[in-house]
1. Between the helical axis of 34-54 and the dominant principal axis of the chain, each derived from Cα atoms, what acute angle in degrees is found, rounded to the nearest 10?
2. When the chain is modelled as a GNM with alpha-carbon springs shorter than 10 Å, which of 22, 144, 39 fluctuates the most?
3. Mind listing P(r) for the chain? All alpha-carbon pairs, 10 Å bins, whole percents.
4. Using Cα springs under 10 Å in a Gaussian network model of the chain, which residue among 121, 54, 68 shows the largest mean-square fluctuation?
5. Can you tell me the dipole magnitude for the chain around its Cα centre, using point charges on the Cβ only (Lys, Arg +1; Asp, Glu -1), in Debye to the nearest 20?
6. Angle, helix 77-95 long axis vs. longest principal axis of the chain, Cα atoms, 0 to 90°, nearest 10?
7. Amide H to amide H under 5 Å from residue 58: which residues, 5+ apart in sequence or cross-chain, H placed 1.01 Å off N in plane?
8. For region 26-104, build the convex hull from the C-alpha positions and give me its volume per residue in Å³.
Amino acid sequence: MNRALRRLMSRSREPHGNQRAAVDRRALRLALMPWKVHAVWAPLEQVLARIEIDGTVETAQGRPVLHDDANRGWYEIAPAIEGVAQFHEIAATRHGWAIDLGPLHRIAAKLRYGAPIFASDIAAVRACADVCKRHAMRLTGREAEDILQTVRISIEMDTRA
């Protein structure tokens, strides 16, 4: 048998037992990847904790900002919260979930306009966040990416208008 024929035969054989099929991680539910949901909510929870502790938030040029450790960047709080709320509105609409996102919209407005934030506001946002996290765990990575892309397009359209 010549070399070319041996190579052809080796390629046509069944794969060995130690070779695995590639898994498309985007098809997995976020419940199997909770760190992704945590990465979204952790910066917002840090802001809420800071407001509870000393009643302050970080600001840059007079606007409240948050630091995202995952991306190592600073972002305005109000648009970030509104983006998270928009993500969950779209997910709730697509899946028929009943989620009250009013607390997220209210705290975003209060942070945007410098209105006082009360303990009841923070408690409502935490309760809303818990519901949102539970529902987000039901999404697949592919669904979450699709919703995120929809939110990004919406934000881009709003900035151009």
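1. Approximately 20 degrees, to the nearest ten.
2. 22
3. 9, 31, 29, 12, 6, 7, 5, 2, 0
4. 54
5. Working: 24 positive and 19 negative charges, 280 e Å.
Approximately 1340 debye in magnitude.
6. 60 degrees
7. Excluding prolines and chain starts, which carry no amide H, the hits are 65.
8. Working: hull volume 9.4 nm³, N = 79.
That works out to 119 Å³ per residue.
None of the figures in this text is laboratory data; all of them are computed from the coordinates on show. This one's a predicted model, so the numbers in the text were calculated from it and none came from an experiment. Positions of Cβ are generated from backbone atoms using ideal geometry, with glycine treated the same way; all protein chains shown enter the neighbour counts.
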